[in-house]
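Q: Okay, here's the structure, questions in a sec.
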Amino acid sequence: MADYQYILVEREERVGIITLNRPKELNALNNQLVSELADALESFDRDSTIGCIVVTGAGEKAFAAGADIKEMADKSPIEMMEGNFRSWERIKRTRTPVIAAVGGYALGGGCELAMHFDMIVASENARFGQPEIALGIIPGAGGTQRLARVLGKYRTMEMVLTGAHISAQEMAQHGLVNRVVPKGEHLKAALELAHKVAEQAPVAARLAKESVLAAFETSLEEGLEIERKNFFLLFSTEDMREGTRAFVEKRKAQFQGR
Ligand code: CO8
């Protein structure tokens, strides 16, 4: 596996694991870290033996406390534009399902990063927030848009306008967190969920992800069309034949990813 400075990359059977690894800086997302993360996600995405990816933060205190404020402080608008927006776009395009395992702070870009992923498992000490307003800026990696689509206008306004930190339990009530587990158990719980996803037919899992995401980016009619086409496309896979045959033969399906 590639040599990275700010992330750790490993695998557990069919699950890829990426750890944001700047614990002393609360895993603050500097340009290089975000670029390394995009590289690692793309590399897992190209590997057909990987069925799900978990992204977590090193240390107990944070998933990620946001973009690196020290790196950002003296930047011009042009430097910001030329910075890591492209890496964020690459992260967004990951086709393999990704689970964020959040322990501690997921703030600013850290909260936005978790929301780029497909499910969020959080420990009970996790705190989510968009505190950019206190720095005189606003969220820049999708915070206003993705939060509003999940929490609605009023709660999003409160988070973005006050910078308040919201507990994992409250986020779970609003539907932004899949499950809240005891402190320190977020990675274990995320891996359990990831292994369940990774057992499924990989092409179906990718097209299921693409179809669900279409719900947030298209009209209902367009989304239904994308779903229908993906549904029909899956009838061309050997895994579909295997899955239906295994059901009839009352045995567990052996999916091959084609
Ligand atoms: N950037 C850089 N360093 C950080 C960051 C950060 N975001 N967060 C924490 N650190 C550093 C601290 O400076 C400190 O380092 P040092 O020991 O050298 O002083 C170390 O991590 C530990 O932090 P604290 O001592 O502050 O720890 P506390 O437990 O007292 O506080 C907090 C924890 C509440 C999380 C606090 O650190 C904090 O408020 N951090 C900043 C949170 C924040 O404002 N995040 C938003 C940043 S802006 C952003 O994310 C914009 C996203 C744009 C994305 C698109 C880009 C293209």
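A short reminder: the numbers here are calculations on the coordinates, not readings from a lab. Owing to the predicted nature of the structure, the values given are computational and were not obtained by experimental measurement. Virtual Cβ from ideal backbone geometry, glycine too; neighbours counted across all protein chains shown.
Q: State the extension gain, in nm to one decimal, for the chain segment bounded by ARG251 and ARG95, taking 0.36 nm per residue of separation less the distance between their alpha-carbons.
A: So the chain would gain 53.3 nm between ARG251 and ARG95.
Q: On a 19 Å Cα-Cα criterion, which of the cross-link pairs LYS92/LYS183; LYS92/LYS209; LYS61/LYS92; LYS24/LYS70 come out too long?
A: LYS92/LYS183; LYS61/LYS92
Q: Do the sum for the chain: with -39,500 (n - 2.57) for every DSSP H run of n ≥ 4, divided by all residues, what is the mean residue ellipticity at 222 nm, to the nearest 500 deg cm²/dmol?
A: Result for the chain, helices only: -14000 deg cm²/dmol.
Q: Would region 1-102 count as rounded, prolate or oblate if I go by the C-alpha gyration tensor, calling it rounded below 1.5 in a/c and otherwise prolate when a/b exceeds b/c, oblate otherwise?
A: Oblate, since a/c reaches 1.5 and b/c is not below a/b.
Q: Further question on the same structure: For region 7-198, what class follows from the C-alpha gyration tensor (a ≥ b ≥ c being the square roots of its eigenvalues): rounded when a/c is under 1.5, otherwise prolate if a/b is larger than b/c, else oblate?
A: Since a/c reaches 1.5 but b/c is at least a/b, the shape of region 7-198 is classed as oblate.
Q: Moving on to the next point. Taking the Cα centroid of region 191-258 and of region 23-55, what is the distance between the two, rounded to the nearest whole Å?
A: Region 191-258 and region 23-55 have Cα centres spaced 24 Å from each other.
Q: With a point put 7 Å past each Cα toward its Cβ, work out how far LYS75 is from ASP39 in nm, to one decimal.
A: 1.9
Q: If R₀ is 22 angstrom, what is the calculated FRET efficiency for the pair GLU222 and GLN32, using the beta carbon separation as r and rounding to 0.05?
A: Plugging the Cβ-Cβ distance into 1/(1 + (r/R0)^6) gives 0.05.
Q: Go ahead and run the numbers for FRET between HIS195 and GLN5, Cβ-Cβ distance against an R0 of 25 Å, rounding to 0.05.
A: Computed FRET efficiency for HIS195 and GLN5 comes out at 0.30.
Q: So if I take the centroid of the Cα atoms in region 65-95 and the same for region 164-184, what is the distance between those two points in Å?
A: First find each Cα centre; the distance between them is then 26 Å.
Q: Right, here's the next one. In the Gaussian network model of the chain, springs joining C-alpha atoms below 10 Å, which of ALA40, ALA67, ALA164 carries the largest mean-square fluctuation?
A: ALA164
Q: Something else: For helix 31-46, report the angle its Cα long axis makes with the longest principal axis of the Cα atoms of the chain; keep it between 0 and 90° and round to the nearest 10°.
A: Relative to the chain, helix 31-46 is tipped by roughly 0 degrees.
Q: Next question. What number, in percent, do you get for the relative contact order of region 97-233 if the mean sequence gap of Cα pairs under 8 Å and at least 6 apart is divided by its residue count?
A: It rounds to 26 percent for region 97-233.
Q: So, one more: Computed FRET efficiency, Cβ-Cβ of PHE231 and ARG149, R0 25 Å: what is it to the nearest 0.05?
A: On the way: r = 24 Å, r/R0 = 0.96.
Between PHE231 and ARG149 the formula returns 0.55.
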